[in-house]
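Undergrad: Please find one structure pasted underneath; my questions will follow.
The values are calculated or read from the model by the stated rules, or taken from the named source; none is laboratory data. A quick note: this is a predicted structure, and the numbers were derived from the prediction, not measured. Every residue, glycine among them, receives a Cβ derived from its backbone with ideal geometry; neighbour counts consider all protein chains shown. Only protein heavy atoms, including side chains, enter the accessible area calculation; ligands, DNA and RNA are left aside. Shrake-Rupley method; radii C 1.70, N 1.55, O 1.52, S 1.80 Å.
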Amino acid sequence: MSAVPSPVATLAVPSSTEIPAPLLPLLSSLSSFFMTIQHLFNRIPGSPIIVRYIKSSYQNDPWRSLLEVLLLAFAIRTVLKGRTRGEGEGKSFIKLTDKEIDELVDEWQPMPLVDEPSEVDNFTLQTVPTIYGPNGLKVKTSPNGKTVMNLATPNWCGFIESEKMKEVAIDTLKHYGVGTCGPSGFYGTIDIHQKCEADLANFLGTEASIIYSQSFALVSSVIPAFAKRGDIIVADRGVNFGIHKGLQISRSQIKWYAHGDMKDLERVLQNVERERKRKGGKLTKKFIVAEGIFENDGMMLDLPKVIELKKKYKYRLILDECQSFGMIGAHGRGLTEHYGVPATEVDMLLGSMSNGLATGGGFCAGSSVVCSHQRINSSASVFSASLPAMLATTASAAVDILKSQPSLMASLHSNVLLFRQQLAKLEPVIPNLTPPSPGSSAAQSDSALMPPPPVPNKDAIISIPSHPSSGLIHIFLLNPPETMVEEESLLQEVVDEVMNTSSILITRARRLRGQEVFEPEPSLKICISGAMSKKDVEFAGKALKAALIKICGSEFPSRSVTYP
């Protein structure tokens, strides 16, 4: 018998992969197009690497591949999109003609860069003295005018007129030229810069030092080089404007304590520690910032007490000795020498070579780590041209003079006390102006800072908070007029009176009103030099006393104030 075929075997099963005939030409064209694109892509150098990256990326993380495609599409859209959106659209849009646009441009006036000087500003500018010829103990304030005694320039030891320093400057100028024209970290460091830094470190007793080309930029660069956002800085309310700028740039948390008040300093330190423990925050860098001799009033810092508190609460100390360096101590080393405190106890010791050594620039002394850090992190060191060579060599020469001639400091302190004695009867409490012997324990104890018992003085018209050893003396009116403008004008009358009657140049303390964090009171600013003769110092003190009595007597509050 023949087999009967199965009906299932005879059924025709259509293929599921059949492509409709009308689509074949389109698919063929697309295939050819993609083959051409692939061929052209393969000819691009590095294309195999891109292909491998895409394959591995898709296999390992397909979502990442999708994100990259979207980002690429967004980038292409951004490039192709117009720069302006909705230009010429909206209800508020006004179409202007070219003529109207030109008229608006012609009518437009820019806002003034600064306001017009006020009456007070003009008054200040008119009272700025100009020195003609060389500076020194005796100067001229007009080309053909008479010579006057200069009590306005910091010249503690008379270095401005030192013949030895002039010879050193001239010799350096011949060999090194006028300047370096480059930052210290680039090509501005020369051998005498390194010698000057070594001389300063050796003189102060620190591991190292770094010099700066400008003393004002010194402290405003050193502070932010170490203190950053989140760090804590405890500062005296009486610090100078340069320190204020450094604190501002650092963006640290600033805690203020009352000017010269060590009890308030400890209170602030305790509050900071209590707050840290309460919040449980991470440890931060903590600094105490103060001046040796305060620029705004001549007061002296109680350094031993600050050192004690810094160790107790684990702070670092930034001490600005721009006024006290070259003025305080048996050899001019500053507060560390005055109190017998090793300079290594101060983490960062800053000084001005323009004030203390009559040259220019400033320095920061401390450990080698502290100084090395500033070379690559301090803005003034990295970006400013380095100190001119002759200022570095004259600074080294001045340091040598201070080492070998301690009599300079003795003469300065003697002149300061003599000058203060002439004004003592105008103060509310007659101060004890008997100097302690150099290096005695009286100069290094807390009792040296205690004022004498108060003695009423009915003739008092001024207050002098400056330390008896400070060559920088600030004189404040005891009962000033109601407004600061009137007070400034009254003090300027004293300045003019001393100049016109006694040929003595003094000045008012200049302030940046409106920019200071705490506005200092107006004051007279006097700079005493150890190179002045006793006769000149006594004469200057008596002349100033007479002018103060004449201008600032009991009747002055009722006097009208006018500007020249």
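Undergrad: Could we say that PRO134 is within 30 Å of GLY329 (Cβ to Cβ), touching a residue at least 60 places away in the same chain (Cβ under 8 Å) and not assigned by TED's automatic domain parsing to the domain that holds ALA330 here?
TA: no
Undergrad: Checking the condition more than 30 Å from SER378 (Cα to Cα), among the charged types (D, E, K, R) and assigned to a helix (DSSP H, G or I), which residue from ASP102, ASP115 passes?
TA: Checking each option against the conditions leaves just ASP102.
Undergrad: Determine the pairs where a residue that is in contact (Cβ under 8 Å) with a residue 12 or more places away in the chain, located within region 462-484, has a partner that is among the aromatic types (Phe, Trp, Tyr) and buried (at least 22 other Cβ atoms within 10 Å of the Cβ) with Cβ atoms under 6 Å apart, the partner being 6 or more residues away or on another chain.
TA: These pairs meet every condition: GLY471/TRP156.
Undergrad: Further question: Give me the residue from region 309-332 that is closer than 16 Å to ILE232 by Cα and either aromatic (Phe, Trp, Tyr) or not assigned by TED's automatic domain parsing to the domain that holds SER250 (or both) and, out of that set, most open to solvent (accessible area, probe 1.4 Å).
TA: Filtering region 309-332 for residues that are closer than 16 Å to ILE232 by Cα and either aromatic (Phe, Trp, Tyr) or not assigned by TED's automatic domain parsing to the domain that holds SER250 (or both), the one most open to solvent (accessible area, probe 1.4 Å) comes out as TYR313.
Undergrad: Out of the strands (runs of 3 or more DSSP E) lying entirely within region 255-364, which hold 1 or more residues that are of a type in the set (D, E, K, R)?
TA: Per the criteria, 286-291, 316-321.
Undergrad: While we're on this one: Could you grab the pairs with beta carbons closer than 8 Å, sequence gap of 6+ or different chains, first residue in region 403-428 and among the polar types (S, T, N, Q), second one open to solvent by 40 Å² or more (accessible area, probe 1.4 Å) and part of a loop (DSSP other than H, G, I, E, B)?
TA: That search, which allows pairs on different chains as well, returns SER411/ALA531; SER414/PRO435.
Undergrad: Please state which one of LEU349, LEU301 is touching a residue at least 40 places away in the same chain (Cβ under 8 Å) and within 30 Å of VAL168 (Cβ to Cβ). Talk me through it step by step, then tell me what you get.
TA: Details: LEU301 fails: within 30 Å of VAL168 (Cβ to Cβ).
When all the criteria are applied, what remains is LEU349.
Undergrad: Quick one: how many residues across region 424-479 are open to solvent by 20 Å² or more (accessible area, probe 1.4 Å) and either at pLDDT below 65 or part of a loop (DSSP other than H, G, I, E, B) (or both)?
TA: 37
Undergrad: Does region 512-535 hold any residues that are touching a residue at least 60 places away in the same chain (Cβ under 8 Å) and surrounded by 18 or more Cβ atoms within 10 Å (Cβ to Cβ), and which are they?
TA: Across region 512-535, the qualifying residues are PRO520, SER523, LYS525, ILE526, CYS527, ILE528, SER529, GLY530, ALA531, MET532.
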